[in-house]
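What follows draws every value from the coordinates through simple rules; no lab data is involved. Note that the coordinates shown come from a computational prediction; the quantities given were computed from them, not determined experimentally. Quick reminder, even Gly has a Cβ in these numbers, built from the backbone with ideal geometry, and neighbours come from all protein chains shown.
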Amino acid sequence: MTVSRFAAWLGVLALAVASIAAAAPKAAAPKTSAEGRAALVSAWPAIKAANEDWFPAAQAGDAERLAEPYGETAVFIGPDGAAHVGHAAILALYKARAATRRKLSTGAIVHDGMAYGGAGLVFEWGHGELTSLDEAGKPVRSGGPYLTAWRRDADGRWKIVRNIAF
């Protein structure tokens, strides 16, 4: 095949790809209702506070502070797939971790986004980063993405109802 024929075929291929792409349905940007916007604005202070306090509470080994954002019937699913059901079980998990955790040097919750899910739910996602020190003082990094569902409790406070760490 000559260079000019190859260029012609390449041009035809480019036109075909462009016409297919132009004909593909466009995804509409999701519209958030006034109720949804109000829920996102209302939930944000609780989400921000929980995320900002996560590492200081973990570093202090303060299980009460770590469990505080969770509702009474919350479910936490850890990266290992184990489910901890109810505030008391989540508090016990954090107490057990505090008793056995290595010294923490750095960490953060990085909020990547949030959306209104209807039915009073706000979904928030991001990723956690944590660095601990092993017995020799060498840094050990861990972390991963998370997805959290928040809902107002009977007192109007935003609480975690589901939290999945990956």
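Brief remarks on what is shown
- Ranked list, fewest to most other Cβ atoms within 10 Å of each Cβ, for TRP44, TRP150, TRP158: TRP44, TRP158, TRP150
- Here segment 80-153 is treated as an ellipsoid with the same Cα gyration tensor; its semi-axes, largest first and in whole Å, are 28, 17, 9.
- Between ALA34 and ASP112, full extension at 0.36 nm per residue minus the direct alpha carbon distance yields a gain of 25.9 nm.
- Just so you know, the averaged projected area of the alpha carbon convex hull for segment 33-165 sits at 7.8 nm².
- Segment 72-145-segment 34-63 distance, computed between alpha-carbon centres (Å): 13 Å
- For segment 33-165: relative contact order, % (alpha-carbon pairs under 8 angstrom, 6 or more apart): 25 percent
- Net charge of Cβ neighbours under 12 Å - reference HIS87; Lys, Arg +1; Asp, Glu -1: -3
- Using only side-chain charges placed at the Cβ, +1 for Lys and Arg and -1 for Asp and Glu, the dipole size of segment 33-165 relative to its Cα centre rounds to 120 debye.
- Spin-label model distance (nm) - LYS103 vs ASP62, 7 Å beyond Cα toward Cβ: 2.1 nm
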